[in-house]
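Written below as structure tokens is the structure these notes are about.
The values are calculated or read from the model by the stated rules, or taken from the named source; none is laboratory data. Quick caveat, the model's predicted, so the values are computed rather than measured. Counting neighbours? That spans all protein chains shown, and the Cβs are built from the backbone with ideal geometry, glycine included.
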Amino acid sequence: MDVIWEKGQPVTVGDVADSLARRDPPLAYSTIKTILTNLSDKGYLSKRSAGRANEFMAKKSKMHFQRDVIGGVVSSLLRDYRNPLLTHLAQELADDPESIAEFERLLAERKKQRSRDA
């Protein structure tokens, strides 16, 4: 996905293979093709025919993709493990004053938004 987001335009399997050529161990062309096809089947990429090749393009920006993935994971954790999740976050943030300040700012912003929406 990072290769596709970096390119910012439709890419072929060969384009992705070229971008990943320095990877150790290198990925086989057929592996990259399978991965791109699977990502397309799952709805993360659009796929269109371009002559004898297929071109792939991300359906969402990296930011929107990450937001959706994180949102899905966190929603599930909040639903099933709310207190352990909140405890873990508090412990992780406790040693980082900048993170605490950012979290408090985000909470205050959300509270203001809620009061405006009410």
(request) List every residue pair whose Cβ atoms lie under 9 Å apart, where the two residues are 6 or more positions apart in sequence or sit on different chains, the first residue falls within the range 1-28 and is within 23 Å of LYS42 (Cα to Cα), and the second residue, located anywhere, is among the aromatic types (Phe, Trp, Tyr) and in a loop (DSSP other than H, G, I, E, B). (result) MET1/TYR44
(request) Would you check if LEU36 is assigned to a helix (DSSP H, G or I) and in the same structural domain as PRO10 (by TED's automatic domain parsing)? (result) yes
(message) Can you pull out every residue in the range 90-118 that is loosely packed, with under 10 Cβ neighbours inside 10 Å, at pLDDT 90 or above and small (Gly, Ala, Ser)?
(response) SER115
(request) State which residue is surrounded by the fewest Cβ atoms within 10 Å (Cβ to Cβ) when the search covers only the range 39-57 and only residues that are in contact (Cβ under 8 Å) with a residue 40 or more places away in the chain and outside any loop (DSSP other than H, G, I, E, B). (result) ALA50
(request) Name every residue in the range 88-98 that is in a helix (DSSP H, G or I) and farther than 19 Å from LEU78 by Cβ, in order of residue number. (result) PRO97, GLU98
(request) Within the range 6-32, work out how many residues are outside any helix (DSSP H, G or I) and surrounded by 12 or more Cβ atoms within 10 Å (Cβ to Cβ). (result) 6
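Would a scan of the range 74-92 turn up a residue that is of a type outside the set (Ser, Thr, Tyr) and either in contact with a Lys or Arg (Cβ under 6 Å, 6 or more places away or on another chain) or under 24 Å from MET1 (Cβ atoms) (or both)?
Yes, the range 74-92 has at least one match.
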